[in-house]
Structures are given as structure tokens and as C-alpha cells.
Amino acid sequence: MSKKFYYETHEMDDLKCPVCGGDHVHITDIVCWTRPTGEDGDVKIVWVTGKGQVTEAKTIDIGVTNPSSRRQAFSLEGNCENSGCHFMLHFGQHKGVTNMSYTLNYVEEN
Ligand SMILES: [Zn+2]
């Protein structure tokens with residue numbers, strides 16, 4: 001499958017830490033909750049780490065669930081240099097709009 005998009009890029013504000021408002025924020029991992037069969041379908045999770053490791057699964061134990069109860073979503077895991085905050089920013093679809101929220105993370109490395 002291939003798509004060809006034509007975009008114009010526009011600058012937006014820098015991402016601020018959702019916890020402390022600091023401006024030295026780093027994105028580490030990306031988690032996508034997809035629904036290959038459409039709305040309310042089974043979820044396929046794709047987790048991409050900052051080191052390029054890709055994990056695909058039906059469930060994944062990362063301490064958060066799909067931010068969208070019926071559709072697709074993605075989350076950006078990150079941290080900030082200002083206060084050592086560790087968080088996930090969530091973008092989930094719900095009733096025709098895309099909501100943004102965040103979760104504070106307390107990481108246990110295995
Ligand atoms: Zn912070």
C-alpha cells in the first residue's frame with residue numbers, strides 16, 4: 001500500500017510538558033491503537049520505541065489503555081528535563097472530535 005500526500009508544513013508552538021509546563025520535552029516512544037476492521041473493531045496495537053523496536057499485539061502491558069473507546073488513538077511517551085516528569089500524551093477520537101489528555105507515568109523497567 002502506498003499513499004502520496006501533499007502537505008504544507010506550518011510551524012506551531014513548541015510542545016510544553018503537560019505536568020510542569022517546561023519547554024525541554026523529549027518524545028521517547030509512540031503507541032498506536034488501530035482498528036483494522038473499523039469502528040468498534042478489534043484493536044491492534046503498534047508500539048514503536050525510540051530505539052526503533054516495533055511491537056505489534058492485541059494487548060500490551062504499558063499501564064494505559066486505548067484512549068478511544070470505539071476508534072483509533074495514538075499516544076506519545078515522553079519526559080522533560082525541567083522537572084524529570086514522565087508522561088504520555090494521548091490523542092483519541094470520540095464522537096467526531098479528537099480529545100487530548102495525558103497520563104503521568106511511573107515506569108518500572110523490566
Ligand atoms: Zn515537566
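Readers should treat all values here as calculations from the given coordinates under stated rules, not as data from a laboratory. The structure displayed is predicted, hence computed values, not measured ones. Here Cβ is always computed from backbone atoms with ideal geometry, including for glycine, and neighbour counts include all displayed protein chains.
What the table below lists for this structure:
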read-out: From the options GLU77, GLU56, GLU39, residue that is surrounded by fewer than 16 Cβ atoms within 10 Å (Cβ to Cβ), outside any loop (DSSP other than H, G, I, E, B) and not hydrophobic (A, V, I, L, M, F, W, C); value: GLU56
read-out: Some residue of segment 91-103 being in contact (Cβ under 8 Å) with a residue 60 or more places away in the chain and either farther than 14 Å from ILE27 by Cα or away from the ligand (no atom under 16 Å from the Cβ) (or both); value: no
read-out: Where CYS20 falls short, out of the listed (1) without any contact (Cβ under 8 Å) to a residue 40 or more places away in the chain; (2) farther than 20 Å from THR98 by Cα; (3) in a loop (DSSP other than H, G, I, E, B); (4) not charged (D, E, K, R); value: (1)
